Amino acid sequence: MPDRGARPEPAHRAQLAKIWTIPNALSALRLLGVPLFLYWVLVTEQDGRAILLLMAAGASDYLDGKIARRFNQYSRLGQLLDPAADRLYIAATLLALVARDGLPLWWGLVLVGRDLLLLPTLPILRRHGYGPLPVHFLGKAATFNLLYAFPMLLAALPNRDDWLSTVFRPLGWAFATWGSLLYVWAGILYVVQVRQLVLADRAADRTSSVEAPRAGAAT
């Protein structure tokens, strides 16, 4: 009978070490902050707290990637948590900005529609034996721009005319415009990468199906 009190095998300990990492903890905290952000910005309209939380989320997004690279703390879980947290914050902030008249509805629909159009790529990749593709550096740049833009746009909502909104409004729109263009372009590149993988797999399957009869004939 196995000893239930036995310590985990080295391989199991290594697997656990890849899960319980600082980057994964930061990504998980970012995910937990999404409903709190929505509550503050939509229900209680505590915009100052919501902006600080959004800024902290942007900072943690930078830190978890830097820590993962510095200490080689990459993991499959981190590859899933990090982009999930980014997309949830983007969707939540878009909802808040549109609801508070800080962003046109069509703009929010374009960014959300980009993510919705990428959803069918996941089962296609899974069918070919791949998981979600790693985040492209262009997508990271787009996310950073948007996470910089959103706090500024929240601080410069149309009903505000103080000096802070006067400073942040043009900066927020500049970051939002550049980030949105990069975000859409990164989505297009993601689709291109998926298509290339699928075509390469199909070409490999055709090659193997042609070579198999030849090998049988040679024997």
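What to note about this one:
- Residue in region 106-129 that is more than 29 Å from THR44 (Cβ to Cβ), basic (Lys, Arg) and within 16 Å of the chain's Cα centre (by Cα) present: yes
- Near pairs, Cβ below 9 angstrom, 6+ apart or cross-chain, from region 132-160 (in contact (Cβ under 8 Å) with a residue 60 or more places away in the chain) to any residue that is surrounded by 19 or more Cβ atoms within 10 Å (Cβ to Cβ) and basic (Lys, Arg): ALA155/ARG169
- Test: residue in region 153-160 that is at pLDDT below 90, under 27 Å from ALA56 (Cβ atoms) and either of a type in the set (D, E, K, R) or in contact with a Pro (Cβ under 8 Å, 6 or more places away or on another chain) (or both): yes
- Within region 112-134, tally of residues that are out of contact with any Gly (no Cβ under 9 Å at 6 or more places or on another chain) and either hydrophobic (A, V, I, L, M, F, W, C) or surrounded by fewer than 15 Cβ atoms within 10 Å (Cβ to Cβ) (or both): 14
- Pairs where the first residue, in region 87-101, is closer than 17 Å to ASN145 by Cβ and the second is among the acidic types (Asp, Glu), C-beta under 6 Å, 6+ apart: ARG87/ASP115
- Among the residues of region 15-48, those identified as over 20 Å from the mean Cα position of the chain (by Cα) and loosely packed, with under 15 Cβ neighbours inside 10 Å are GLN15, LEU16, ALA17, TYR39, LEU42, VAL43, THR44, GLU45, GLN46, GLY48.
- Checklist (1) surrounded by 14 or more Cβ atoms within 10 Å (Cβ to Cβ); (2) in contact with an Asp or Glu (Cβ under 9 Å, 6 or more places away or on another chain) applied to LEU153, failing item: (2)
- Contact map, region 113-124: first residue over 15 Å from VAL184 (Cα atoms), second residue modelled with pLDDT under 90, Cβ cut-off under 7 Å, separation 6 or more or different chains; pairs are LEU122/PRO132; ILE124/VAL198.
- Of everything listed in (1) surrounded by 14 or more Cβ atoms within 10 Å (Cβ to Cβ); (2) of a type in the set (Ser, Thr, Tyr); (3) at pLDDT 85 or above, the single unmet condition for SER60 is (3).
- Odd one out for LEU146 among (1) in a loop (DSSP other than H, G, I, E, B); (2) surrounded by 14 or more Cβ atoms within 10 Å (Cβ to Cβ); (3) of a type outside the set (Val, Ile, Thr); (4) under 14 Å from the mean Cα position of the chain (by Cα): (1)
The values are calculated or read from the model by the stated rules, or taken from the named source; none is laboratory data. Remember, predicted model here, so these are calculated numbers, not experimental data. We place every Cβ from the backbone using ideal geometry, glycine too, and count neighbours over all the protein chains shown.
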